[in-house]
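Data first, discussion second: the structure below is written as structure tokens.
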Amino acid sequence: MKAGRAILALAAVAALAGVPWYGSDVLVQFGINTLLLAVLAQGWNVIGGYTGYASFGNSVFYGLGSYGVAIAMVQWELPFAVGLAFGVALAVAFALLLGLPVLRLRGHYFAIATLALAQVMTAIVSNIALAGQNIGLVLPPLNNDPLFYELSLGLLVLATLTVAWLTRSKFGFGLIAIRENEEGAAVMGVNTTLYKVAAFALSGAFSALAGGIHAYWITFLDPESAFDIGLNVKMIIMAVFGGAGTILGPVVGAFSLSAISELLSSEVTSAAGLFFGAVIVAAVVLMPRGLTDLLRRYRKSGWRYFIENIRAHKL
Amino acid sequence: MSRRLLHALPALALVLSAGAAAAPAAPDVVLGASIQLTGPVANTGRYYRDAYQIAVDRINAAGGVKIGGTAHRLALKIYDNQSDVNLSVRQYTQLVTQDKVNLLLGPFASNFALADSAVSEKYKVPMVQGGGASDQIFSRKFKYIFGTLAPASNYFGSTVEMLKALKPPPASVALLYADDSFDVSVAQGTRPLLKAAGLRVAMDERYSTNATDFNSLLSQIKSKRIDAVLVAGHETEILNFVRQAKSLAVAPNMYSFTVGVPSEDFRKALGADADYAFGMTAWLPSAALKDRWFGDAEQFAQAYQAKYGYEPDYHAASGVADVEALVQAMESAGSLDPQKVRDALAKTRFDSLYGPIAFNAHGQIDLPQVVIQIQGDKLAEVYGAKGFITRPKYPMPAWNAR
Amino acid sequence: MNLLAQILVNGILLGGLYAVMAQGLALVWGVLNIVNLAHGAFIMLGAYASWYLYTDLGVDPFLGLPVTAAALFVLGYALQRGLLNLIVRAPMFNTLLITFGLEVVLTYLAQLAFSADFRAINPPYAGNSYALGPVTLPMARLAAFGVALALTLGMWLFLLHSRLGRAIRATAQNLVAARLYGVEPRHLYAVTFGLGLALAGAAGGLYGTVSQINPYIGATLTAKCFAISIIGGLDNPLGVMVGGLFLGIIESLTTLYVGPTFADVASFGILVLVLFLRPSGLLGRAA
């Protein structure tokens, strides 16, 4: 059973890895975007899905990763890999410094605080000359989409494997305990502060790597796009839509939502935004526990699944 | 079965003969662009869409573009980037890699042109844009980007000359600029000009793009009794600035804005409050600017107004010039090969309704700006390369004395 | 003129307007625990409603405020009853997500309906000003400030002394107990949300007289309102007013002494500090 699953997973990864050879240019581009979104969703999954702290600040890590690469490559003329490392360092430093005070907040205050941090970062960075202030930075162009694709795929595999490791490690159990009952977990001897900050930093590291790859691929960034809160919401929606707190949920969510959004935007460009908003509204009402939960329970309850969800949550 | 085939034969023959009779038409030359058709900057973005369209229509009506003896029709492929820079970058990538357009036309705004030119450079497809004036776009030694907007650094050039020539010249100048690529470029270029003119800069402030509240800056202008105010910003900011100046009773001796004044909807939005405002333009619809397809700039303005219901300004003229530049380059290169068209563009030299088109080594055009002023309900040319053209209304009276 | 005095006055007038924008958000958040990320979009709708009333029907924007507010009340009631009531007992951040989705939809529909052009509500008296000693008071902002004060006071009195107001506060404290008192929660929730949107609509009408409106102003306004609500505290309309004034003054002073591009750093920086040190806000009850 386990071996069968592993072979299936490997086959899927191999198939995905082969896209630059048998797929069109546009498919590769779509692929890069989707894979990076999946990484972000998976990264968010660590702090939001498993630890239960719904972070709206992952866009800060993403932005820091982007700027790390941009500053390193444009201002200091260092290679891409160094830039990525720099971006991750910035993200982890941020998670450690600000994670401590921010993770003391609960529920919606935590969410709002992380949202506020994203706003502050945008405002601060738009005043920093090294970062190009509000104009941003233009990176040296590199015309090698297959490379970016494979990097993104590799990052997603790494992120997913990390989440899978979480589900069977002491660290992961600790996080789940925090999510279910934080006081109880503390009483049982879990060092909640350490675990939470570690989860935040881990989540941040993945977001930063995704940001760095994206910045180099798109060759351009500015404060507004780097710290875009809409992106944070997107990653949450994808994680939740697919199933937060599961290993493959965010990947499924990212792939499916991206595909539908792409389909719509090539037909009716501006309606893609509208579609996105409508999906969010519908998904939150009808399937708040995500696609994986839907697929599991649908077999049992059929259409009543949606009604049960509503009944459980309505006033 | 054979009977049915028999009946089908005449129809089949007709179809085959029709196919053989029609000569294969030369493929369209497709020009691609990602423009702000919705979103905060759509108000100016539409000038480009309309300009590209009218130029393409007019050129097609005159026979299209002749490449190596064959006439090709022009076609446009336009995407709406919703005023989102990231989306515009993806759309340009799609235009090149998926839609496989032949050549690229630019978006509006320097920050867009800055980002999108990275795409044209990456895929080595020439882009001619008429919406980005920032010097930053052309300082990266890219070979595939060309621009028809006069350099940002010189926008206030003729205005500063005029200030020097006023009697008496202003005792103090305020320089306010938004923090986006274009306006930062303008400020960087204007500072040395002011210094060389011997004018004292009493205020030099950078404000956030899309700012809505200018009360603090205006209060400082009033308190320091500044004579001349130069504002580098975009249309909404300028509208807010003027309105708030009125509501705070701030009336310096003169103020000049990098955008808005040449555009009809700006003047309409402010109504009588627009009076006395200075601006600049590199283009006016004058019959002296002759054009191969439109006759001259005046006829172009009439045709544009008739088709779209609003007056064109320099954005529209610049957009038309982009299309014309590409066509001239294709004809002179005798080919659609991007590399050859690019080389032809670099050497291009011709007159158009926008003025003389020629690109410097970095790909940017160089056109002088004429100082204009809103005088009553007219837009007056006040100061040009040869000095004063009309008398400026200076100094500006207090708001309650108008 | 006295520059510092003028800057302070600017900040106070701005702050009053900020406060009225945030009142609706704070009410809905404090009472219903619904964090409305679409709040700014509703302010935008209110602004457009006022604009149409003024441009097409010639109704003065200040006199037309009750109409705008009523229209948005109806919208809010319907939205809560029809949609938001369905997720009230779901995990908190579901409301964040759903209201974000609403924001996207509303902005898109607004852009479709009103086009991306910038508009302003410009009654003839809008450009006038009063000179009061060393400072100049812009008339439109002064009037907006007056309305803001009136609305804040009205809200405070309403919540404290009226039957409906007390029922709303009771529902916020304890849903079960409120039910025992015969309060119909679905209706009450809808009324509260409607009130929140009515306030947003009125704020939009005021905003339209002092600034340009377009379909995209929602997001920035929401962010500002958040800062004000948290800084001032969610329990009390007076706290929101204090929060608004505080923010307005801080922004004006920062623009003068540091630079215009640092105003956002100041406002959101303070928001972060308040969240870390005293999440219940300057005037709120300690959590």
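Residues of region B:270-282 that are in a helix (DSSP H, G or I) and crowded, with 23+ Cβ neighbours inside 10 Å: none at all. Only one entry in C:G154, C:G101, C:G165 is without any contact (Cβ under 8 Å) to a residue 60 or more places away in the chain, in a helix (DSSP H, G or I) and within 11 Å of chain A (Cβ to nearest Cβ), namely C:G101.
The single condition among (1) buried (at least 24 other Cβ atoms within 10 Å of the Cβ); (2) at pLDDT 90 or above; (3) over 22 Å from C:I168 (Cα atoms) that C:I249 does not meet is (1). When region C:92-110 is limited to residues that are of a type in the set (S, T, N, Q) and crowded, with 22+ Cβ neighbours inside 10 Å, the one that is nearest to the chain's Cα centre (by Cα) turns out to be C:T99. Tell me which residues, restricted to region B:163-216, are buried (at least 16 other Cβ atoms within 10 Å of the Cβ), among the small types (G, A, S) and assigned to a helix (DSSP H, G or I). B:S181, B:S185, B:A187, B:G189, B:S216 - these are the residues of region B:163-216 that are buried (at least 16 other Cβ atoms within 10 Å of the Cβ), among the small types (G, A, S) and assigned to a helix (DSSP H, G or I). Can you find a residue that is touching a His at 6+ places or on another chain (Cβ under 9 Å) and modelled with pLDDT of 90 or more anywhere in region C:104-120? Looking through region C:104-120, none of the residues is touching a His at 6+ places or on another chain (Cβ under 9 Å) and modelled with pLDDT of 90 or more. Consider C:L96 carefully, then state whether it is over 21 Å from C:L17 (Cβ atoms), out of contact with any Pro (no Cβ under 8 Å at 6 or more places or on another chain) and free of Cβ contacts under 8 Å to residues at least 12 places away in the same chain. Spelling it out, it is not the case that C:L96 is over 21 Å from C:L17 (Cβ atoms), out of contact with any Pro (no Cβ under 8 Å at 6 or more places or on another chain) and free of Cβ contacts under 8 Å to residues at least 12 places away in the same chain.
Assigned to a helix (DSSP H, G or I), on the phi < 0 side of the Ramachandran plot, free of Cβ contacts under 8 Å to residues at least 12 places away in the same chain and among the aliphatic types (A, V, I, L, M), is that true of A:A164? So A:A164 fails the test. Total residues in region B:178-210 satisfying the condition of being on the phi < 0 side of the Ramachandran plot and away from chain C (no Cβ under 14 Å): the figure is 17.
Where strands (runs of 3 or more DSSP E) fall entirely within region B:19-109, those with at least 1 residues that are more than 24 Å from the chain's Cα centre (by Cα) are at B:65-67, B:70-72. Selection within region C:74-89: residues that are of a type in the set (V, I, T) and farther than 18 Å from A:A278 by Cα. The member of this set that is modelled with the highest pLDDT is C:V74. Residues of region B:127-136 include at least one that is away from chain A (no Cβ under 14 Å), of a type in the set (G, A, S), touching an Asp or Glu at 6+ places or on another chain (Cβ under 6 Å) and closer than 29 Å to B:V30 by Cβ. Restricting C:L160, C:L142, C:L153 to residues that are more than 19 Å from the chain's Cα centre (by Cα) and either at pLDDT 90 or above or surrounded by fewer than 15 Cβ atoms within 10 Å (Cβ to Cβ) (or both) narrows the list to C:L160.
The residues on offer are C:A69, C:A126, C:A113, and the sole one that is surrounded by fewer than 23 Cβ atoms within 10 Å (Cβ to Cβ), under 20 Å from C:A47 (Cβ atoms) and more than 9 Å from every other protein chain (Cβ to nearest Cβ) is C:A113. Listed residues B:Y394, B:Y310, B:Y383; which is surrounded by 19 or more Cβ atoms within 10 Å (Cβ to Cβ) and either part of a loop (DSSP other than H, G, I, E, B) or modelled with pLDDT under 95 (or both)? Step by step, each of B:Y394, B:Y310, B:Y383 is checked, and only B:Y383 is surrounded by 19 or more Cβ atoms within 10 Å (Cβ to Cβ) and either part of a loop (DSSP other than H, G, I, E, B) or modelled with pLDDT under 95 (or both). When the residues of region A:73-105 are filtered to those that are within 14 Å of chain C (Cβ to nearest Cβ) and free of Cβ contacts under 8 Å to residues at least 12 places away in the same chain, the one that is nearest to A:G132 (Cα to Cα) is A:L97.
Being under 21 Å from A:H214 (Cα atoms) and under 21 Å from the mean Cα position of the chain (by Cα) is a description that does not apply to A:Q133.
Taking region B:27-46 as the range and being crowded, with 22+ Cβ neighbours inside 10 Å and of a type in the set (D, E, K, R) as the test, only B:R46 passes. Here C:G196 does not qualify as under 23 Å from B:R243 (Cβ atoms) and either part of a loop (DSSP other than H, G, I, E, B) or at pLDDT 90 or above (or both). A:L291 falls short on exactly one of the conditions (1) under 25 Å from A:L115 (Cβ atoms); (2) in a helix (DSSP H, G or I), and that condition is (1). For region C:129-142, a residue qualifies if it is outside any loop (DSSP other than H, G, I, E, B) and away from chain B (no Cβ under 11 Å), and exactly one does: C:L132. Can you find, within region A:213-255, the residue that is surrounded by the most Cβ atoms within 10 Å (Cβ to Cβ) among those that are of a type in the set (S, T, N, Q) and either closer than 24 Å to A:L274 by Cβ or away from chain B (no Cβ under 14 Å) (or both)? So the residue we want is A:N232. Scanning region B:90-103 for residues that are in contact with an Asp or Glu (Cβ under 8 Å, 6 or more places away or on another chain) and surrounded by 22 or more Cβ atoms within 10 Å (Cβ to Cβ) returns a single hit, B:Y92. Only residues that are within 12 Å of chain C (Cβ to nearest Cβ), within 17 Å of A:G65 (Cβ to Cβ) and assigned to a loop (DSSP other than H, G, I, E, B): list them for region A:106-150, please. If the condition is that a residue be within 12 Å of chain C (Cβ to nearest Cβ), within 17 Å of A:G65 (Cβ to Cβ) and assigned to a loop (DSSP other than H, G, I, E, B), then A:I128 is the only one that fits. Do the conditions hold for B:A282, that is, is it among the aliphatic types (A, V, I, L, M), farther than 20 Å from C:A126 by Cα and touching a Ser or Thr at 6+ places or on another chain (Cβ under 9 Å)? When the stated conditions are applied, B:A282 passes them.
For region B:57-101, the candidate set comprises residues that are at positive phi and out of contact with any strand residue (DSSP E or B) (no Cβ under 6 Å at 6 or more places or on another chain); within that set, the residue that is nearest to the other protein chains (Cβ to nearest Cβ) is B:Q82. Within region B:218-236, the set of residues being within 9 Å of chain C (Cβ to nearest Cβ) and under 27 Å from B:A42 (Cα atoms) comprises B:E235, B:T236. Among the residues making up region C:255-283, those that are closer than 24 Å to B:K222 by Cβ and either at pLDDT 95 or above or within 7 Å of chain A (Cβ to nearest Cβ) (or both) are C:T261, C:F262. B:P285 falls short on exactly one of the conditions (1) surrounded by fewer than 23 Cβ atoms within 10 Å (Cβ to Cβ); (2) within 19 Å of C:I213 (Cα to Cα), and that condition is (2). Looking at region C:78-91, is at least one residue buried (at least 18 other Cβ atoms within 10 Å of the Cβ), more than 13 Å from every other protein chain (Cβ to nearest Cβ) and within 20 Å of the chain's Cα centre (by Cα)? Checked region C:78-91: no residue is buried (at least 18 other Cβ atoms within 10 Å of the Cβ), more than 13 Å from every other protein chain (Cβ to nearest Cβ) and within 20 Å of the chain's Cα centre (by Cα).
The values are calculated or read from the model by the stated rules, or taken from the named source; none is laboratory data. Since we're looking at a predicted model, the values are computed, not measured. Neighbour counts run over all protein chains shown; Cβ positions are idealised from the backbone, glycine included.
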